[in-house]
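The values are calculated or read from the model by the stated rules, or taken from the named source; none is laboratory data. Since the model is a prediction, treat every value here as computed from it, not as a measurement. Cβ atoms come from the backbone with ideal geometry, glycine included; neighbour counts cover every protein chain shown. These accessible areas exclude ligands, DNA and RNA; they are computed on the full protein's heavy atoms, side chains included. Shrake-Rupley method; radii C 1.70, N 1.55, O 1.52, S 1.80 Å.
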Amino acid sequence: MYRTICTELWTDPEIKSLNVATKLLFVYLITNPHTHLSGIYYLPETTLLKETGLKQIPYRYGIDTLSKLEKAFRDTRTETIFVMNMFAYQGQGPKNEQAAARHLRTLHKSSLIARFL
């Protein structure tokens, strides 16, 4: 599976201001094997911590920071992640829109669905 990362990410003033752990977290949220082209997907915290090597405190600081910047959000109740604007970068069109609509039904009514829509 491939994910598109816009190279302008590295010149974005908000991304440049992040510490290394939060930058790693953001790139992981875009590229990990659990992603969905919509940018909203199920990802347990334990999986994220194991795969990134991040500890819980830097992770929580990072996701809080990304949420404040409106880059990524987490619904702890449903263990769902939403990366803002990911869908726009991963391709548009009716097939992708249909795939996203089908995928939303698998997310157990996450509070992030409304933000995605």
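So here's what we get for this one:
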{"quantity": "Charge dipole (debye, nearest 20) of the chain; +1 at Cβ of Lys and Arg, -1 at Cβ of Asp and Glu", "calculated": "240"}
{"quantity": "Flagged links, alpha-carbon separation over 22 Å, of 16/71; 23/50; 23/109; 55/109", "calculated": "23/109; 55/109"}
{"quantity": "Stokes-Einstein translational diffusion, segment 45-106 - Kirkwood Rh over all Cα pairs, 1.567 mPa s, 4 °C, in µm²/s", "calculated": "97"}
{"quantity": "Packing rank of 44-50, 5-11, where each peptide gets the mean count of other beta carbons within 10 Å, highest leading", "calculated": "44-50, 5-11"}
{"quantity": "Sorted largest first, extent of the chain alpha carbons per principal axis (Å)", "calculated": "37, 32, 25"}
{"quantity": "Residues whose placed amide H lies under 5 Å from that of residue 37, excluding near-sequence neighbours", "calculated": "none"}
{"quantity": "Anisotropy class of segment 1-70 from Cα gyration tensor, a/c 1.5 cut", "calculated": "oblate"}
{"quantity": "Surface share of carbon and sulfur [accessible, 1.4 angstrom probe, percent] for segment 77-117", "calculated": "54"}
{"quantity": "Solvent-accessible area per residue, Å², over the chain with all protein chains present [probe radius 1.4 Å]", "calculated": "61"}
